[in-house]
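The next block holds one structure in the form of structure tokens; read it before the comments.
Since every read-out is calculated from the coordinates, none of them should be taken as a lab result. Bear in mind the structure is a predicted one, so any value in this text is a computation, not a measurement. Here Cβ is always computed from backbone atoms with ideal geometry, including for glycine, and neighbour counts include all displayed protein chains.
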Amino acid sequence: MSLKDLISPFFVWQRAFEKPYTVGLKPIVERPGAPAYRGFHINMSDDCVGCGSCFTICQNHAIDMVKVDGLEAHGGDSGLRPRFDYGRCCWCGLCVDICTAGSLRMTNEYAWFTTNPDDFRFVAGMENKSWDGRTGGYHRHPDYHLFPPKRIEMEMLAPEESVASFTEVAKGYTEEQAKLEADRCVECGICVATCPAHMDVPDYIHSIRDGDYEKGLQLMYRTNPFPATCGRICTRRCESVCPVGIQGEPVAIRWLKRFIVDQVAEADYARILPNVEADTGKRIAIVGAGPGGLSAAYYLRLKGHAVEVFESQAQAGGMLRYGVPSYRLPDPALDKDIEHIRSLGVEIHFNHSIGRDTAFSDLLDNYDAVFVSTGLNVPSQMRIQGEDHPRVMDGLKLLDDVANGKDPQIGTSVAVIGGGNVAMDAARVSRRLGAEVTVLYRRRIEDMPADTEEIHEAQAEGCIFVTQAIPVEALNAAQSDQVTLKWGEAEMLQDPKGGRPRPVLQEERMHLDTFDTVVSAIGQGSNLDYIPTEISDQLQIKWGKFIPGDYQQMVLNKLFVGGDVANATADAISAIEDGHHAARGIHRFLDTGQRG
Amino acid sequence: MNSMLERLSKEFRVTDITERHPGLTTLTADKDVAETLLRELRDREGYTHLNFMTAIDYIERGVFTLVYMLHNYATKSTLSVHVNIDRVNAEMTSIHTLWAQAWTYQRELRELWGINFPGSPRVEEDFCLEGWEEIPPMRREFDTVEYCERTFTSREGRGTVNPREHMAEIIFPNRGGDK
Amino acid sequence: MIKSLSTDATLANAGLSAEEQDLFSNARPTAYEPYSIKAVEDFANWCRANSLWILAFGTGCGAIELRPLMTARFDANRIGVAGRPTPRQASVFIIGGYSSVKTLKRIVRSYEQMQGPKFVIALGICPVNGGMYWDSYNTIKRLDQYIPVDLYITGCMPRPEVLVAGALELKKMIKEGRCDGANRYVENFDWYKANQKKVIKKWDMPDYNW
Amino acid sequence: MPQPPTHSSSLDMAQPEPIDLSSGKYVKLWQGPQHPGITGNMSLELTLCGDEIVECKTHVGYLHRGFEKFMERRTYIQNFTVVCRIAVPEPTFNEYLYSAAIEELAGIEVPERANWLRALNLEMMRLASFLMWTGGMSGAFGLYTVPNWTLTYRDYILDLFEELTGARIYHMYIVPGGVRNVLPDGWKARALEILKGTEKMMREVDRVMMNNAVFKARSKGLGLIPPDMVDPYGIVGPNARAAGFKRDLRKDEPYLVYDQLDFEVVTATASDAYERAWVRQQEIFQCINLIRQMLERMPDSGPFQAQMPNVLHWKIPPGETYLKAECTRGEYGYYVVTDGSEYVRRVHVRGPSYTHAIAVMERLAVGTNIADIAGLMVSLHTYPPEIER
């Protein structure tokens, strides 16, 4: 033992005069948590969509999704909110990291003690807590992700290539791409409520991850007998509510659906999909072989009913065949869906028009139930002078001609009037026929009802968009095979009531442009002339559309309606659901005699 | 390294030699040669360090795989020696004479997997558990959640709602598949 | 003041071997009765509140924050908190988070050996509802099933700052005479014992150990 | 005086003969689990002859939570939050090893910046853990000033952790795929300031503890580990280095960015309590140096997380790996087996305390004075939760 060893410990004394290390006694006030501290939770309830991803990822089962007063399930919000159990939570922050809506975060508050352990439970953001107003605390770093925020790009034909032919533009996912895209789904199931047909989206996406495409197909046919079609042209409202899309891009549900169908050969359908139940002896007539009519036919046939479909055209598919150009929906894809329905024994009478070939009342008399889904096939009028000019044609006719292989003779300069999907189709078809295309629309691009993708693709293919342009008159041009369109610029006027802005024609800013053809595509209406007045008088019909009751049933017990002619959304997937729902109603009605 | 593995596969019939990453090789040995093999590896090949030993329950194949992880400080290589033993009346030769910490591992394996090591010191004593009456908990068929529910009480008043089912109930009660 | 021992209510101590039966009392625990004069009781509570002596038993993770708590930075000594090595001298038992079944047995013994009035603080989430280890076969999920708890502090881990705040809260509760955990233990003794014996399979100790 | 049973040589792994307690010469004492002189929650069953220990049995399991069981029923991402609880004072090594093992099996390449941040975290954790150990070591020998200093500085490091990771103890910062956050503004400057203070404080600890006559007298020669005991007992880390073994995984099998850092392995000549303490003192200085090097050279921009799949249904192909890192106590290892499902098939955590606190402790305790048992225990640096998991 050296003297140094005895003395050196006394160095402790030198610290006696230093400032003490000790901190004060008030926890939060004097020592708030660090700016990124993982403290108590806070949830922006308005942003939260109740997807339950926080519940799924919590390894401690610390989160319950619960109903809260004042919130209802609607659209893309389940109406549920996370309730935290601070007898379970370990403040790992995985719930914050996974939160699709970005509504959940943690504050830097950390002090909570109580004598009653049942207190440690609260619905974040719905119950008042002392840390509600705090701004500090943990939130996900923008570059840190627990699932890929960007979708797998779908390979498309280049615009210069696509405009040259009617080849399908979207090439479809490869298996690897599809699995990566399917991996992005968080399986919350919010989309199921928004999908008009309530397809089991998370389940069939799951089957892609498992590589079990046959199961995926089965799941899709539970609610939709047109998966090949919907996988290409669906309006995909599901994607608009997909929580993954809130902070990133939504899961490409439509392309995944298409991927599944593309993986299964039509020859295998009979083996994979459900077969027809025993014959019931009931006969059902369906008017219109569009998506609505065939959907009803499919589900009714599965139940064992005899189904006859009456179609005025030469082929089945309705608007899907005659209204959707083949670069979006190639005929083989549509045929794949229709052929399976027909293979179950659904009988389709082509070129058979109700009202002309068979009286509507005969249907009601001779069949156990009638489903009417005749769609919207009468183009709306522009209500301008010179509308009957020979060089003014309607968009549906143009598409119809092209679908039937006829040359519509549009010339080399075309004006398309309208901003919906039919207008985009007409414009892009005209481009493919070799014309220079100008699209005139009353409002702004962002007001167009057409799909954003469609608009972008049309622009990429060289269609010129002239917005805030109101057609006024179609005049005879110098050359007889041309037409001069008089149109005026419009100003957008704010609606004082807060509705959407209204275009107002500016009389002093008029233009005259000459085209080979003016294509009008501003909407369609229905034609219900085939229904005799004595019947139609009993029915609820408004603006040319049926107003159906529950299960798509009309006042006449036997009559069920659906599709564009009976709903406001007028898209394929709604028609499919109408058909399916009517099938439920008809089966229920025939089975039990119950009305909807 | 390779010559050693060749010799081992010849003399000890070791199989499934796989290099998992540079410096880590796994191999499978038969139960009856395992002890000799380990001794050989320790004394002749320089694998003097026993990182750990443990077991994996392959209930679907009816075996426990015992894993002996050995390290050679000189060549910086690790050998993972796998030995498959029967799940029923699981028993293995004790290696407590080879490494001093081995008997502790064997005690743990005895308690948590129910693998016996005859002759291993204090192998019958409680290790982590005390008065355990169920099947050994690390076995795959032991359901820890079910045991917790049966044995312990959790706080009441919890319960969750599935968003998808909730929305189905509120928004489309009569629609969707199978309705 | 201690309630007089009632002679008929004795414990079986069935888990003990014959030679050990004699080593332990078989009397039941007794409840604490406050002094009849309020001023005296208030003074006693004031004394108790200002000398919170913690039992040095790190039962789980929570023990890790007790060291900062008891050293220079957070210095709990200044509010009358001190560590004690033996239950006989301690008045506060801090349960540091989860407790395994094996530890629970020692917790029960230590708790019973503590002299009244005694208080229990449960740290973290695990004693509340199982916490992180809600599906572990070897940890209890609710501490209040086995010993009475006076104050819960949530967090994983609760920071030393909260421990200080919690100790201050406990002081306040004691001064107001609101800490009756030990009496609850006496009153519901058989219920607690039954719960304890349900999970502690190897019961080789006296039923009440003081 | 009766002769206590002893091991014939350090390589003799047979258990000593049982002691006849009824002879009246011996007394049995339990140290722990409720005992101030025990590290964590464990206990020693000591048999004494006078005040000399003739037999020691370690009892563990008081902290057994069955991690390896319930990890088998949690997804890969869920497990990352669980693993840090396995070694309470040093959670970061668990996080790193678990993540690295999962990444290896899933074939994920971690960005460079994340590797630096991970190494920085590991070294800070090492520093914090050693500081706490220093406090414990001096406390065990009756020097109560040092814990007040070292635990305070440890707390300053925890403040840095809190700022960077969002938590003091369970950081949950190193996640499969990378890390969760980047250094906040001004963090480096604050870190350097705290390192400076720590270094100054450690020089004083050197005077007060390492050059303290009482400490020297009590710790020198206590619990001597002879070199021929190291391999048979699986002794690693500072305990082995103090016996002259130049083994450090950071140097021998470099992981993360350690091959780019400049440091030497610290060794001593005789592994008794004092030399082990000395080695750890040197490693604290080394640690401070390493952190400074990293702060200087670490990239300030770039990605810190690899491209990850959706963790909610993350499947990893079948495989097996054993990864290890040098923690404060030596080789810390994760053995992970996957079977292609969303759940891990088997995780085994190899903590150095497993052998240090049981086989080694039981061996070294024999012949020690009862008063030194706490010091001996601390000098082996054991953390009970990593033994029983």
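Separation of the alpha carbons by more than 31 angstrom is noted, of A:Lys129/C:Lys201; A:Lys150/D:Lys324; C:Lys105/D:Lys315; D:Lys196/D:Lys216; D:Lys196/D:Lys251, for A:Lys129/C:Lys201; A:Lys150/D:Lys324; C:Lys105/D:Lys315. Counting Cβ atoms of other protein chains within 10 Å of each residue's Cβ and taking the mean over peptide D:319-332 gives 3.
When both segment A:259-321 and segment A:49-68 are represented by their alpha-carbon centers, they are found 40 Å apart. Using alpha carbon centroids, what distance separates segment A:508-574 and segment A:113-134, in Å? After rounding, the separation between the Cα centres reads 54 Å. Compute the Cα gyration tensor for segment C:36-199, then decide on rounded, prolate or oblate, letting a ≥ b ≥ c be the square roots of its eigenvalues: rounded whenever a/c is under 1.5, prolate when a/b is larger than b/c in the other cases, and oblate in all that remain. Since a/c reaches 1.5 but b/c is at least a/b, the shape of segment C:36-199 is classed as oblate.
Take every Cα pair under 8 Å whose residues are at least 6 apart in sequence, average their separation, divide by the length of chain B, and the relative contact order is 14 percent.
Placing unit charges on the Cβ atoms only, positive for Lys and Arg and negative for Asp and Glu, gives segment C:36-199 a dipole magnitude near 400 debye about its Cα centre. With bins 20 Å wide beginning at 0, the percent of Cα pairs of chain A falling in each bin runs 17, 41, 29, 8, 3, 1, 0. Annotation: amide H-H contacts under 5 Å for A:His74 (H modelled 1.01 Å from N, sequence separation of 5 or more, or interchain): A:Gly79.
For D:Glu331, the amide hydrogen comes within under 5 Å of the amide hydrogens of D:Gly237, counting only partners 5 or more places away or on other chains and with H modelled in the peptide plane. Scan segment A:141-217 for trypsin sites (Lys or Arg not before Pro) in coil per DSSP, keeping those whose Cβ has at most 10 other Cβ atoms within 10 Å, and list them by number. Here the trypsin sites (Lys or Arg not before Pro) that fit, given the DSSP loop and packing criteria, are A:Lys150. Across segment A:276-282, computed HN-Hα scalar couplings (Karplus, 6.51 cos²θ - 1.76 cosθ + 1.60, θ = phi - 60°) run 6, 6, 4, 4, 9, x, 8 Hz from first to last residue, x flagging Gly and Pro.
Computed log10 I(q)/I(0) for chain D at 0.13, 0.14 Å⁻¹: -1.08, -1.23, from the Debye equation with unit scatterers placed on every C-alpha and solvent omitted. For the segment A:70-78, counting C-beta atoms of other chains within 10 Å of every residue's C-beta and taking the mean gives 3. Take the convex hull of the alpha carbons in segment D:236-389; its mean projected area over all directions comes to 11.8 nm². Could you tell me the center-to-center distance, by alpha carbons, between segment D:278-355 and segment D:86-120 in angstrom? Using only Cα atoms, the two centres lie 4 Å from each other. Over segment A:1-64, the hull volume per residue, using the convex hull of the C-alpha atoms, is 220 Å³.
Working ranking of peptides A:513-520, C:193-200, C:120-127 by packing, defined as the average number of other Cβ atoms within 10 Å per residue, highest first, is C:120-127, A:513-520, C:193-200. In plain terms, if you count all Cα to Cα distances in segment A:23-123 and split them into 5 Å steps from zero, the share in each step is 2, 13, 21, 22, 18, 12, 7, 3, 1, 0, 0 percent. When each of the peptides A:374-380, A:413-419, A:142-148, B:153-159 is scored by the mean number of other C-beta atoms lying within 10 Å of its residues, the order from highest to lowest reads A:413-419, A:374-380, A:142-148, B:153-159.
Taking only the C-alpha atoms of segment D:208-318, the Rg (one decimal) and the largest Cα-Cα distance, Dmax (whole number), read 19.6, 60 Å. Its alpha carbons give the protein assembly as shown an Rg and a Dmax of 38.7, 132 Å. The GluC sites (Glu not before Pro) of segment A:288-342 include none that meets both conditions, a loop assignment by DSSP and at most 10 other Cβ atoms within 10 Å of the site Cβ. Only helices enter the 222 nm calculation for the protein assembly as shown: every DSSP H run of n ≥ 4 contributes -39,500 (n - 2.57), and dividing by all residues gives -9500 deg cm²/dmol, rounded to 500.
Dipole magnitude for segment D:67-353: computed about the Cα centre from +1 point charges on Lys and Arg Cβ and -1 point charges on Asp and Glu Cβ, it is near 700 debye.
The amide H of A:Met65, built 1.01 Å from its N in the peptide plane, has A:Arg83, B:Val161 as neighbours under 5 Å, considering only residues 5 or more places off or on other chains.
Take the alpha carbon gyration tensor of segment A:380-522, find the square roots of its eigenvalues, order them as a ≥ b ≥ c, and report rounded if a/c is under 1.5; if not, report prolate when a/b exceeds b/c, else oblate. Oblate, because a/c is 1.5 or more while a/b does not exceed b/c. Think of segment A:166-271 as a dipole: +1 on every Lys or Arg Cβ, -1 on every Asp or Glu Cβ, centred on the Cα centre; then among A:Gly248, A:Thr194, A:Tyr221, A:Thr194 lies furthest on the positive end. Taking other Cβ atoms within 10 Å as a rough exposure proxy, A:His61, A:His587 sort from fewest to most as A:His61, A:His587.
Per-residue mean of foreign Cβ neighbours for B:141-148 is 5 (Cβ atoms of other chains, 10 Å radius).
Packing around the peptides D:182-191, A:478-487, D:205-214, taken as the average count of other Cβ atoms within 10 Å per residue, puts them in this order, highest first: D:205-214, A:478-487, D:182-191.
Judged by the gyration tensor of its Cα atoms, with axes a ≥ b ≥ c, segment B:15-127 is oblate; a/c meets the 1.5 cut and b/c is at least as large as a/b.
Based on Cα contacts under 8 Å between residues 6+ apart, chain D shows a relative contact order of 25 percent. Beyond 25 Å, what share of the Cα-Cα pairs of segment A:166-271 is found? Please give it as a whole percent. The share of Cα pairs beyond 25 Å in segment A:166-271 comes to 12 percent. The charge dipole of the protein assembly as shown, taken about its Cα centre with unit charges on the Cβ of Lys, Arg, Asp and Glu (plus for the first two, minus for the last two), comes to roughly 4500 debye.
Taking a straight Cα-Cα cut-off under 26 Å and skipping sequence neighbours fewer than 8 places away in the same chain, the lysines within cross-link reach of A:Lys558 are A:Lys282, A:Lys303, A:Lys542, A:Lys545, B:Lys179. Global size of segment D:37-125: 18.7, 60 Å for Rg and Dmax (C-alpha atoms, Rg to one decimal, Dmax whole).
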